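Worksheet: one structure, shown below.
The values are calculated or read from the model by the stated rules, or taken from the named source; none is laboratory data. Model, not experiment: these values are computed from the prediction. Note that each Cβ is placed from the backbone with ideal geometry, even for glycine, and that neighbours are counted across all protein chains shown. Side chains included, ligands, DNA and RNA excluded: accessible areas come from the protein's heavy atoms. Shrake-Rupley method; radii C 1.70, N 1.55, O 1.52, S 1.80 Å.
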Amino acid sequence: MTHRPLVGITVSFVLGIFTNYLINIPFIPVFSSAFAFAIVYVILFKFHPCPAGIPGWANWTGFALLILIFLTGITYHHLRFFSHADNNITNFINTEKLPIHLRGVVVSPPVSKSVPGPLLSSMKYRQKVSTFLLRPESIESTTGNIITSATTRKWKSVAGTVKVNIYQTQQEERALLSGEYYLPKKLKYGDRVGITCKISLPSTVRNPGQFDYKNYLKRQNPRVEAIASVVSLYNIKVLSEGHGNFFYTFIYGLKKKLNTVIEKQVKKESIPLVGSILLGDREKVSEGMMDAFLKTGTIHFLAISGLHVGILVVSLHCLLRLFRLNTRCVAIIIILTVLLYAAITGMKTPIIRAGIMVAMYYGAFIINRRWDLANSIAAAVFIILLINPSDLFNVGFQLSVLAVLGIIYTSSRLENFFWKSTILVERLQAKEERNEIWYKLSLYCRKIFCVSLGAWIAVMPLIAYYFHIVTPLNVFLNIIIFPLVWLILVGGFIVLITGLAFPILATPFAWLVSYSGVTLETIVLLSSKNIQTFFYTSTPFWLWIVIYYLIVMFFILREMFKAKLTHAIIVTLVILNIFVFSGLPGRNKDYLKLTCFDVRHGASFFIQFPNGKNILFDSGTRGNYDVGKFVVAPFLWQQGIKKIDTVILSHEHDDHCNGMPSIIDRFKIGNAFVNKFFLQSGKKAELLKLFTEKKIETGLLANGLEIKGYGSANIKVLNPPDKDVLKNNGILTEDISINDSSNVLLIEYMGYRILLCGDIGKMGIKMLLAENCKPDASVSAGIIQVPHHGGYIVNTTDLVKSFKPEHAIINGPAKGISPSTIEEYQKHGVRLHKTHENGAVMFSIKREGITVSTFL
């Protein structure tokens, strides 16, 4: 506390925020305790230094301060995260999308991005969406008079923050391509607008392992509390202008001019990448390019962070020194420039952290004080959490802080460990030898390698935890990529400055920036496609992450503990052995587990068998949401599953298979099954091609076949009949719809059965019952998937009577479910489980019977 007071204060503040996040302690008792400790601290501080006869008085005052900061952290996080005003917009809406009229002020300029449709989509979805934040002022409500049956409309005052998504119609998208008037480009910060939209609360997480988008929005600054969807630009109207503050109006206006300079000066194909590296506009970068940067572990170059600030500071410092300015002038100019750059690039957490550390470093020169690294990091963390305490749980904040800690405390140690003798020789070399080009090149490679490795060691577990990917080769790619990023940044800064005042002077630098961008794209794309730069991994257990960081800290501090390197390595190897063997499969489970995901209008089931094997039955949804990437893959990683033994696709419709490309990309798949009807249309030739490219064995299913290899569980195919059998029976295959040709599975374990029906309709049910429910055969199913998402089917009664289910799953939205279908199942005493109400539904089949649990 005496030498580095900010470290203790920041740690106490962080612990307070974390405690409130875990427990959500009521506000009144915590605030009362904080107030009481504040009084105690003032009393103790008043009698400081220590009175006679009371030893350790200074320590007690310091301890009281830490407790006060801890309680302040609890109180502050509660106020920012859990509380809101009485007229907050969340009090007027719910999770259902409500059509309303809304008025408010634009608090962030619209950002446009492309929304790619699913790879296997047979329908065209909107390709463009523009997003901005709105501070709502009033919402139109409707009230009714019971006696006169008249309705009146009135405006209610509301508060909060709304995320507005603008979707253009196809006609408007064509107008945009032709360069005609485009409203989102005209909207700007401070405009008061009126919008006609559908508004709702953000959807909560509905499947195990799924990303919690609602909490993510809640942790932002400002806190986003509602989502509004505007279809057609005609549903948004600018009412007046100039309702923002001067500072942000200036900053957003300047950024718009800088973007215009980039669009005019830089080659068209390089604009997205250059805009992202210079100004942080990652929305312009294509999804394919973002994926390539992620897989090569170089995505940090696209996020404005300490790297970008460091390059800016070093370049500006060298430039100012040429003008022989004194240290204080240099420090003031650099601090102001960094603060302006942070504001222009959006005040993201990593750049705020870097900006504060730069300000403290150069501020020490201004006031002639000694700079302390640990206090600078603590101050940066403390100020960031004062701005938004929820940033403690944002991945960007965590990675930024850990990366800088890794670089500071491990890079020099790594260099000394790998090149100890080389460094010793270099110290003995003459100055002339150090000026040789090969010496400087080797020194550059060594420094970049150690810095990259230090940062990678620090952030690797969290990247694996959040993104389920490990990129060990990025430490080598950084050596090649860093000079290109330096050229883009330094050249880009010159282009931005000269482009505003003397555009003609920017041309040669724009050429340099453009071709540096093209080269960078080429290297990243080639590396991601031709080199195994990454591998996916399951979610690491939090305890192992804690142990990992304790081991890293032990290596850093081993000299303090006087521990030999060999002893440290032996301890690490023992712990790694425990980790490896704890991950090996133990004895087989004695139950079967079925998970039905909530994928809106679609289907996806995952079955885990007692012998450790598994089956994925369908994976898709209607629309451009990637079920494989955002629902199934996170669940499998959370379960520690790296291989899918069997994939079975019921039929070719998008809402049952458009999530498969992401699954194929992320997991090893043993084999896949479709049927002859699936092959007949040829509409999913791309999917079959993916199976072939990944060397996934593909087979055909038909009624009567059995799938072996799942221990005591029996898997039988009940539909569709073989096409040749149908022809022999005089049934035309053209009369069987795609839905009716769905693969139907009957899974039996411990005497209990699961019937997965796909989308069979009237004809499909008729064929299913004719082939498998003979008068002398008793067939029943404890669990049944209601066919076709619960839609109306005329012979539903026959299906229910024949299979006599105990549980039924409806995987689809409420508006697509037929009331008569629900009534039919309830009439026969079947327990209905609807994913739109319950989220994911999990069934466990044991010797004792069937147990059900729902995610919500």
Residue list for segment 515-536, filter: closer than 20 Å to ILE663 by Cβ and at pLDDT 90 or above
TYR536
Test result for ASN703, more than 30 Å from PRO610 (Cα to Cα) and surrounded by 19 or more Cβ atoms within 10 Å (Cβ to Cβ):
no
Filtering segment 447-467 down to residues that are open to solvent by 20 Å² or more (accessible area, probe 1.4 Å) and either of a type outside the set (A, V, I, L, M) or without any contact (Cβ under 8 Å) to a residue 12 or more places away in the chain (or both) yields LYS447, PHE449, TRP456, MET460, TYR465, TYR466, PHE467
With the requirement that a residue be free of Cβ contacts under 8 Å to residues at least 24 places away in the same chain and assigned to a helix (DSSP H, G or I), what does segment 259-287 give you?
ASN259, THR260, GLU263, LYS268, ILE271, PRO272, GLY275, ARG282
Restricting attention to segment 95-111, and to residues there that are assigned to a loop (DSSP other than H, G, I, E, B) and more than 26 Å from HIS243 (Cα to Cα), which single residue is nearest to the chain's Cα centre (by Cα)?
THR95
Is there any pair linking a residue in segment 626-643 that is part of a helix (DSSP H, G or I) to one that is of a type in the set (A, V, I, L, M, F, W, C) and open to solvent by 70 Å² or more (accessible area, probe 1.4 Å), with Cβ under 8 Å and at least six apart or on different chains, and which?
PHE630/PHE211; PRO634/PHE211
So, ARG413, is that one open to solvent by 40 Å² or more (accessible area, probe 1.4 Å) and in contact (Cβ under 8 Å) with a residue 40 or more places away in the chain or not?
yes
Condition check: closer than 30 Å to TYR466 by Cβ, out of contact with any Gly (no Cβ under 6 Å at 6 or more places or on another chain) and not in a helix (DSSP H, G or I). Does VAL647 satisfy that?
yes
Residue under question is ILE765, and the condition is that it be open to solvent by less than 10 Å² (accessible area, probe 1.4 Å), in a helix (DSSP H, G or I), in contact (Cβ under 8 Å) with a residue 12 or more places away in the chain and of a type in the set (Val, Ile, Thr); does it hold?
yes
Residues that are within 24 Å of ILE531 (Cα to Cα) and among the hydroxyl-bearing types (Ser, Thr, Tyr), at least 1 per element: which helices (runs of 4 or more DSSP H) completely within segment 406-472 meet that?
437-467
Residues of segment 518-566 being open to solvent by 80 Å² or more (accessible area, probe 1.4 Å) and of a type in the set (Val, Ile, Thr), which ones?
ILE531, THR566
Looking at (1) crowded, with 19+ Cβ neighbours inside 10 Å; (2) hydrophobic (A, V, I, L, M, F, W, C); (3) modelled with pLDDT under 90, can you tell me which one VAL164 breaks?
(3)
I'd like the full set of residues that are of a type in the set (A, V, I, L, M), assigned to a loop (DSSP other than H, G, I, E, B) and more than 40 Å from the chain's Cα centre (by Cα), limited to segment 314-349.
LEU325
Residues in segment 818-831: is at least one under 24 Å from HIS601 (Cβ atoms) and assigned to a strand (DSSP E or B)?
yes
Just to confirm my filter: which strands (runs of 3 or more DSSP E) fall fully inside segment 180-258 and include at least 2 residues that are over 16 Å from LYS163 (Cβ atoms) and open to solvent by less than 70 Å² (accessible area, probe 1.4 Å)?
192-200, 236-240
I'd like to check something: does segment 376-385 contain any residue that is farther than 15 Å from VAL14 by Cβ and part of a helix (DSSP H, G or I)?
yes
Which numbered condition in (1) crowded, with 18+ Cβ neighbours inside 10 Å; (2) closer than 30 Å to ILE262 by Cα; (3) of a type outside the set (Gly, Ala, Ser); (4) touching a Phe, Trp or Tyr at 6+ places or on another chain (Cβ under 7 Å) is the only one that LEU487 fails?
(4)
So is SER390 closer than 30 Å to ALA464 by Cα, of a type in the set (S, T, N, Q) and at pLDDT 80 or above or not?
yes
Going through segment 803-816 in order, the residues found to be buried (at least 20 other Cβ atoms within 10 Å of the Cβ) and without any contact (Cβ under 8 Å) to a residue 40 or more places away in the chain are ALA808, ILE810
Can you spot a residue in segment 664-677 that is at pLDDT below 90 and either surrounded by fewer than 22 Cβ atoms within 10 Å (Cβ to Cβ) or hydroxyl-bearing (Ser, Thr, Tyr) (or both)?
yes
Scan ILE480, ILE437 and give me the residue that is at pLDDT 90 or above, open to solvent by 90 Å² or more (accessible area, probe 1.4 Å) and more than 20 Å from ARG413 (Cβ to Cβ).
ILE480
Any residue at all in segment 500-523 that is more than 22 Å from PHE301 (Cβ to Cβ), of a type outside the set (A, V, I, L, M) and under 28 Å from the mean Cα position of the chain (by Cα)?
no
Select from segment 1-40 the residues that are part of a helix (DSSP H, G or I) and polar (S, T, N, Q) and write down the one among them that is modelled with the lowest pLDDT.
SER33
Output the number of residues of segment 350-374 satisfying the condition of being touching a residue at least 24 places away in the same chain (Cβ under 8 Å) and surrounded by fewer than 20 Cβ atoms within 10 Å (Cβ to Cβ).
6
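Results for (1) at positive phi; (2) under 36 Å from the mean Cα position of the chain (by Cα); (3) not hydroxyl-bearing (Ser, Thr, Tyr), shown as yes or no for each residue.
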position	(1), (2), (3)
GLY758	yes, yes, yes
ALA770	no, no, yes
SER780	no, no, no
HIS788	yes, yes, yes
LYS801	no, no, yes
LYS804	yes, no, yes
SER818	no, yes, no
GLU823	no, no, yes
Would you mention how many residues in segment 376-393 are closer than 19 Å to LEU66 by Cβ and open to solvent by less than 20 Å² (accessible area, probe 1.4 Å)?
6
Charged (D, E, K, R), surrounded by fewer than 16 Cβ atoms within 10 Å (Cβ to Cβ) and modelled with pLDDT of 90 or more: which single residue out of LYS694, LYS774 fits that description?
LYS694
